[in-house]
1. Would you be so kind as to identify which of B:S75, B:V260, B:F179 lies farthest towards the positive end of the dipole of region B:8-321, taking Lys and Arg as +1 and Asp and Glu as -1 on Cβ and the Cα centre as origin?
2. How big is region B:30-157 by Rg and Dmax over its Cα atoms, in Å?
3. Could you work out, residue by residue across A:136-143, how many beta carbons of other chains sit within 10 Å of that residue's beta carbon, and then give the average as an integer?
4. So, with +1 on the Cβ of K and R and -1 on the Cβ of D and E, and no other charges, what is the size of the charge dipole of the protein assembly as shown about its Cα centre, to the nearest 20 debye?
5. Which FRET efficiency value, to the nearest 0.05, is calculated for B:S287 and A:I184 with the Förster distance at 45 angstrom and r the Cβ-Cβ distance?
6. Sort A:M224, A:M247, A:M16 so the one with the fewest other Cβ atoms within 10 Å of its own Cβ comes first.
7. Rounded, prolate or oblate: pick one for region B:227-310, where a ≥ b ≥ c are the square roots of the eigenvalues of its C-alpha gyration tensor, a/c under 1.5 means rounded, and failing that, prolate if a/b is larger than b/c, else oblate.
8. Between beta-carbons, use under 15 Å as the cut-off and find the net charge around B:L83, counting Lys and Arg +1, Asp and Glu -1.
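What follows is calculated from the coordinates using simple rules that are stated; it is not laboratory data. Predicted model only: the values in this text are computed from it and were never measured. Ideal geometry is used to build each Cβ from the backbone, glycine not excepted, and the neighbour counts take in all protein chains shown.
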Amino acid sequence: MNQSRWDALTARQPAMFALILLVLSIVINFILQPNMFARETLNSNMRVFLPIILMAVGQAIVILGGGIDISVGSISSIVNTVLATRVGLDGSPERMWQFVFFSLLIGLLAGAINGFFISFLRLQPIITTYATSFLYAGFALFILPNPGGGIPASVASFYRNSTPLNLPLAFYVIALVLLIWLYISSTRYGKFLYAVGGKAEAAYETAVPVTQTQFMTYVISGLMAALSGIAITMLSGSGNADIGGPMTLNSITAVVIGGNALSGGVGGVTGPVMGAITLGIIQNIISFAHIDTWWETFVKAVIIVVALAAPGVVNLFRRRA
Amino acid sequence: MKRISISPPVAALILAVILFVLSGLLPNGFGSDMDVARAQATNIVRLAVFLGVIAAGQTLVIISGSEGIDLSAGSVVTLTAILAYIIVNGVDSRVLPALLIALAVGALVGLVNGVGITFLKISPFVMTLGMSGVVTGAIIVLTHGNVTGKVSPLMTRLIARPLSPALQIPNAIIIWILFGLLLWLLLERTAFGKNLFAIGVNRVTARLSGVNVTAMNLATYALAGALAGFGGFLLVGNTGVVHLQLGQPFLFPSIAAVAVGGTLLSGGKGSYWGTMAGAIVLTLITSLLTTMQMPESVRRMVLGGTLLVLISIYGRQRALRQ
């Protein structure tokens, strides 16, 4: 009886494991860092997590639709370099917001290029976005060959220090994103997304606009990567053409820890958001556990592999029982 | 209507030759000096050997299908290169043990990948990505950031030097040709190869026709790890120095080489000849961009653009309507 209940739970709620992991990591973090929920600490953690959370949301939607996007980090880098060079440290906040809008257009365009090659020309997603990741990373480096530039201090401090109602700004952004996802998943597009990710051929047979649905996932992912780039620019306050690159693979790990199947059609966006927060907290735990510096990378990687393996281990034992 | 079709490996090779001839016309190209041209061509193929060997394991896991991919290849290359470097430490008699250990360690990492993917149902992309982190972490723990060791004269003699002064072809290229022959035999003339393509096309039908899919999957990932280990051994023999980022730059190019060589990334169809051609094309483009003294930004953009064009030519998937 117990077993079938577990089955039903994990089938209906792919994010169940992500929630368990998140709670577990929060508890461990709280033990190591008792002031974790103090307003300042919470805010400083969340503002660091937000860029990867936003990126993971876009990645989650692409993966739901059966694709993958290796170029998201490079898109963030473009946005970062554009903001840092075109606004500048002494730019006015108005100019900043203009270029924030412009950055979103860049994200849409970069995503549309990915989507065009993948859904209209039917190229393989992983290698296509790998190729465009070079295009975009090269473009970012072209805009800003050496790290530098910046954004007005007032904008950076708005991002870093705003805590409306004593809650970090990031919470409001995440809530907004989840609300929008809730709406999208209830629309026809949401249904199409799961259909295409589950089995594109079958979806096509039942008159689902597969090409357009896939195309849109890359556009959304480009937009989210741009938002992530804006967030990381406000966080760091300066420009660096290689800032986004390392985030790409983390965003994919976050999505999988969040319970989405990499083959598409299973999961949601809430799980990946939790996955991204979990990844950040793991990093926190490692720095607070005073692990020998040489061991940090190893311990972190092992924790991630164990987290990935955990659902499989549970299923393995259940089948035996 | 009959369409003219050239097989991807041949197309990639033709492209490589055209690019190479065009590169001769550059201001600092070889022009009409045939000796320089031969030396340059040999050098590019020699550089392609390492990418080619590292991409061999990648070819196998990609052919095996079910989103097969090995993102741990780069860090395995670094690990085995460092191990070989430490173990050999300038002594010729330790070369063989070092090679065997490199292969074994690679196979072990590959086996762990295989176990995670087969039994714990973790998708290959994240499993091998996670293992890549574990291996990188292990390297840091093992070396504490600095490595002391030395390659031995025998290794340099076997890998970096030519076979004889008369024949100016580095041994690495000869090793690669033999290696390519072995992989061709493995893929086309053995039961393992037949089963590999079978599980790549469709795992269910393969299992129903008597293929042990679980064992095949484990063996493929272990073998891929061992081949990456061999790549690490070759690489250190050629360069003679190691550093902590030695293998990582080969990771994504190894996947690109497989794709450019016409192997379907969804599995079930491909060849190692294609990957070899792909490795040569990619190495050629990279070294061309370096000789043309382009800034890093332009180099990245041209590389991305070329890759996009290459896969647009023959990397397209079946249309939905079919």
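1. Checked the options; the winner is B:V260.
2. 17.9, 59
3. On the way: counts 3, 6, 12, 5, 2, 7, 6, 1.
Average per residue, whole number: 5.
4. Numbers: 34 positive and 17 negative charges, 278 e Å.
Approximately 1340 debye in magnitude.
5. Values: r = 46 Å, r/R0 = 1.03.
About 0.45, to the nearest 0.05.
6. Working: A:M224 28, A:M247 24, A:M16 16.
Neighbour counts put them in this order, fewest first: A:M16, A:M247, A:M224.
7. Details: a/c = 2.04, a/b = 1.02, b/c = 1.99.
Oblate, since a/c reaches 1.5 and b/c is not below a/b.
8. Numbers: positive: B:R94, B:K150; negative: none.
Taking every other residue near B:L83 into account, the sum is +2.
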